[in-house]
Amino acid sequence: MIITKKKMNKKLIKFFISATIVIVSIYLISCGKLTSPSKDAPTDLKIEKIEEGRVRLTWIYLDTSDDTIVFVIAKKEGEGAWNENYKEISGESRIFEDNIPTNDSLIYAYKVMVKNISEDFSSQFSEVVAYLSAQTAPTDLSFVQTSQERLQISWSDHCVGEDGYYVDKRIGNESWTKKYKILNANTSSFTDNTTIFDTLFYRVTAFVGESLSGSVENSIVTNLMAPSNLTLEKPDYNKIKISWYDNSDGEEGFYIDKKIGGLDWNETEPNIFKSPDSVDSNVTSFVDDITQPCGTFYYRVRAFYNEFYSDYSNEEHTNIRLELVDSLNTLGDANEVFVSNSGWYAFVADGYNGLVVIDCINPTLPNEITTMNLPDRTLSVFVQDNLAYVTNHNGGFNLVDISIINSPEIVGDCVTQGVPNDVFVYGDHAYVADGAAGLSIIITSGPPHFIINISTDGDARKVFIKENYDYAFVANGLNGGIAVIDISDPINPISVSSLPINGLSQDVYVLGNYAYLANGENGLEIIDISDINNPFPVSNCPTDGFAYSIYAQNHYVYLADKDKGLVVIDIEDPFSPYILGTLEMPTEPVSIYISGSYAFLADNEGLKIIQVAP
């Protein structure tokens, strides 16, 4: 076939014309000059809150044939299904406003598509955007180091309807690794691999499509694993053995913390319990020598490497002594116990049951000897030599001969002026805390008879007289504190001073230059009485219970606390008393007496015997 030059020129002209038309068409389409709509979805979809309860959607769609298209808006609430025909609006608009709760944990998601009515086609939906209120932000980002190489990251999920969570991570001063983890919806934790002693930062954000919630961020220094399974044993009454499991790898050693009673951690000797002393790596036990006669001792352990410390182990405590030796139930409701200096007999004022006499020569096996019925409710008892001085609720005072211990008998009686809550014998006189009547005085040489009473301006609950010190100290009831009475002349007692104190003053004991007051829910009050005319409070030691009865000896106060049981308080420094130990009791002790190494407590069951010293 022969092609002439003329024919060739015609074909080239046609080709260039066709190419030019294609190029122009492409240019016009790219510039949006043609009226045929693009089949692409709307782009750059955005959502914003414009006012409370109202949001606005905006998007871009480069098409000029607005009269032939509509926009279809789809909506999803929370975890519900998409409503893909939620609204249709004219192609003339690129804005849509909707009323939704804007302070809600429910997420409201949207997407937009375009429909061309004249040409009968629909685009794909746009990207998804959502309104996430401040309530949808995750909170409480926390960590649990499950091993020295594994870390569990957790947070609180407040979203309903999220697509998932982005987790960003940063190590030390490095840059953030964004979207380090992409997690599914309703996820609130994941586990990550770590290396020890790194400072790790995590940031968690909920997402729906292109929309993000607020973020929560926190950091942790990955550390040695804490010791666990700390246990305590008592090889004898003066030692406590602390044992634990070593869960760490590469530690230099372990610090052992100690707390005694109500003190703070490590406010004690020996120095093993203060930095920088420690036990060596891989040692998993330690024996502590106890110097206190009794007490409650707490321990905890942590591993260390240079300046790094693991978390603490579990905390455990145990009592040295302060254990129930034995008990004896009585038939009445015990009000007071008194232990004689000779014979080791406990006398219990046992309410309507009368006076109970108990042989305690063997504290591990108390034995009731006899019960003596007395008029009305027996309130108080005091024993001196072969006589017991007993008071009864009806105002009665009974003098009881106990020389034949299994056959006591009343040898005299009289009546006081009030309710004889307590009796204390000094010389030839019995001093009675006589309720609203104050302090009543009874002569006991010969047939007992009432002499006189003096007001304490309160409700006299208990009375104490220090030997060779002619003053009676009265626990004076509600807000009464103490009252001090000069009894150098028992026939003419004189009120010397008083110290009202907030609380319910129940019992008082005097030792040295201090009066110790069991002050109900206020615990122990220590009062300086060196100037008997001007007593003043020195310190207070709360028991978090209800201090009811008190006994002081050497450097210790022993409280019968109706809520806590037996509480022992160190008073060596009267300005800084602290609880040395506590034996919690299920009963309500109301009276305490210390004899030898034992505390004798009267409670609503009868008599309890507890060892408090070697």
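A compact table of results
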quantity: Matching residues, the range 82-104, being under 18 Å from ALA185 (Cα atoms) and either at pLDDT 95 or above or in a strand (DSSP E or B) (or both); calculated: TRP82
quantity: Hits in the range 528-539 (condition: part of a strand (DSSP E or B) and of a type outside the set (D, E, K, R)); calculated: PHE536, PRO537, VAL538, SER539
quantity: Checking ASN479 against (1) at pLDDT below 95; (2) under 20 Å from HIS393 (Cα atoms); (3) out of contact with any Leu (no Cβ under 7 Å at 6 or more places or on another chain), the condition it does not meet; calculated: (2)
quantity: Single condition GLU588 does not satisfy, out of (1) in the same structural domain as PRO537 (by TED's automatic domain parsing); (2) touching a Lys or Arg at 6+ places or on another chain (Cβ under 6 Å); (3) not hydroxyl-bearing (Ser, Thr, Tyr); calculated: (1)
quantity: Selection count where residues are buried (at least 24 other Cβ atoms within 10 Å of the Cβ) and among the hydroxyl-bearing types (Ser, Thr, Tyr), scope the range 583-614; calculated: 1
quantity: Checklist (1) in a loop (DSSP other than H, G, I, E, B); (2) crowded, with 17+ Cβ neighbours inside 10 Å applied to TYR165, failing item; calculated: (1)
quantity: Residue count, the range 540-578 (criterion: part of a loop (DSSP other than H, G, I, E, B) and under 25 Å from the mean Cα position of the chain (by Cα)); calculated: 10
quantity: Leading residue by the ranking (surrounded by the most Cβ atoms within 10 Å (Cβ to Cβ)) among those in the range 407-462 that are of a type in the set (D, E, K, R) and assigned to a loop (DSSP other than H, G, I, E, B); calculated: ASP434
quantity: Failed condition for VAL538, given (1) surrounded by 23 or more Cβ atoms within 10 Å (Cβ to Cβ); (2) farther than 20 Å from PHE338 by Cα; (3) aliphatic (A, V, I, L, M); calculated: (1)
quantity: Test: residue in the range 347-365 that is part of a loop (DSSP other than H, G, I, E, B), farther than 19 Å from GLY606 by Cα and either of a type in the set (Lys, Arg) or touching a strand residue (DSSP E or B) at 6+ places or on another chain (Cβ under 8 Å) (or both); calculated: no
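Matching residues to (1) more than 28 Å from TYR165 (Cα to Cα); (2) touching a Leu at 6+ places or on another chain (Cβ under 6 Å); (3) surrounded by fewer than 19 Cβ atoms within 10 Å (Cβ to Cβ):
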{"position": "ARG56", "(1), (2), (3)": "no, no, yes"}
{"position": "TYR61", "(1), (2), (3)": "yes, no, no"}
{"position": "LYS76", "(1), (2), (3)": "no, no, no"}
{"position": "ILE89", "(1), (2), (3)": "yes, no, yes"}
{"position": "ASP104", "(1), (2), (3)": "no, no, yes"}
{"position": "SER118", "(1), (2), (3)": "yes, no, yes"}
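The values are calculated or read from the model by the stated rules, or taken from the named source; none is laboratory data. The structure displayed is predicted, hence computed values, not measured ones. Here the Cβ is made from the backbone with ideal geometry for all residues, glycine too, and neighbour counts use every protein chain on show.
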